[in-house]
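Here is the structure we will look at, set down as structure tokens.
Values quoted throughout were computed directly from the atomic coordinates according to the rules given, and no laboratory measurement underlies them. Computed from a predicted structure; not experimentally measured. So basically every Cβ, Gly included, is an ideal-geometry build from the backbone, and we count neighbours across all protein chains shown.
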Amino acid sequence: MTQTQLYLISPLDVGGEFPARLERALAAGARRHGDLVTAFQFRVKGVDQHEAARLAAPLQAICAAHDVAFIVNDSVALAKRLKADGVHLGQDDGSPKEARAELGREAQIGVTCHASRHMAMEAGEAGADYVAFGAFFPSATKDKGDAERPEPELLQWWTQLFEIPCVAIGGITPDNCQPLVEAGADFLAVSHAVWGGDEVAAIEAFAKVMRG
């Protein structure tokens, strides 16, 4: 069984001190276990592509230096402009097939599937490289209101039947992640749990649960 890894999602504000914080978080992950953090999602809202590209540049360089995949949230066009490692698509952001045609064979394409087995299977058939289930817990970044919450069993079901990696997302912290790790999540996508406080302490706390 593969070990669960961390997939960091940026806060909406990635200017100012944030590049230094990202560097510290990735360095902490590498110190504890070389492969603890393997992906970073660039998620900004309400800025034009030019500004997004300016904000992305230092973060992309930091990820490259740490051999961490740089994934753009929602925008295939921005992912293409940045020559990012991949794109993460919501249910309204187009199909993995279209993204693959734009970004090429090597791109990592992920799809949000909420609590739906059907959506996940469709995403897999359309060529997604990973599927994301959530929100597992109440989340500051993923406010889905009354959206159905998946149970850890969903991860177990997926990993037993399919080769495509699965990501657990939504309100995940070092205190509540154990059942998701045990259920076989390939990645835990985390944002507020890391950036809402001391990022190095948070990475250490996740490492303790995920690697013992």
Open item on the list: Going by amide H atoms built from the backbone, whose H comes under 5 Å of the H on residue 69, apart from near neighbours?
Closed with: 39, 40
Open item on the list: With θ taken as phi - 60° and the coefficients 6.51, -1.76 and 1.60, list the Karplus ³J(HN,Hα) couplings across the stretch 84-101 in order, rounded to whole Hz; mark glycine and proline as x.
Closed with: 5, 6, x, 9, 10, 9, x, 5, 9, 9, x, 9, x, 4, 5, 4, 5, 4
Open item on the list: 7 Å from Cα along Cα→Cβ at both residue 211 and residue 27: what's the point-to-point distance in nm?
Closed with: 1.6
Task: Percentage relative contact order, the chain, counting C-alpha pairs under 8 Å, at least six apart - done: 21
- [ ] Go through the stretch 183-196 residue by residue and turn each phi into a ³J(HN,Hα) via Karplus (6.51, -1.76, 1.60, θ = phi - 60°); whole Hz please, and just put x for glycine and proline.
- [x] 6, x, 4, 6, 9, 10, 8, 9, 10, 4, 4, 9, 7, x
- [ ] May I ask you to compute the full-extension gain from residue 13 to residue 57, defined as 0.36 nm times their residue separation minus their alpha-carbon distance, rounded to one decimal in nm?
- [x] 14.4 nm
Open item on the list: Between residue 117 and residue 140, what is 0.36 nm times their sequence separation minus the Cα-Cα distance? Round to one decimal in nm.
Closed with: 5.9 nm
Task: 5 angstrom amide H check on residue 185, placed H, neighbours 5+ away - done: none
Task: Per-residue Cβ neighbour rank within 10 angstrom, fewest leading, 208, 45, 80 - done: 45, 208, 80
Task: Inter-site label distance for residue 126 and residue 97 at 7 Å from Cα along Cβ, in nm - done: 0.9
TODO: Only Lys, Arg, Asp and Glu count, each charged at its Cβ (+1, +1, -1, -1), so figure out the dipole size of the stretch 5-211 about its Cα centre, rounded to 20 debye.
DONE: 400
TODO: Please count, across the chain, the pairs of lysine residues with Cα atoms under 27 Å apart that sit 8 or more places apart or on different chains.
DONE: 12
- [ ] Pull up all non-local amide H partners of residue 9: gap of 5 or more, or a different chain, and H-to-H distance under 5 Å with H placed in the peptide plane.
- [x] 41, 190, 191
Open item on the list: Need the full-extension length gain, residue 50 to residue 176, defined as separation in residues times 0.36 nm minus the C-alpha distance. One decimal, nm.
Closed with: 41.6 nm
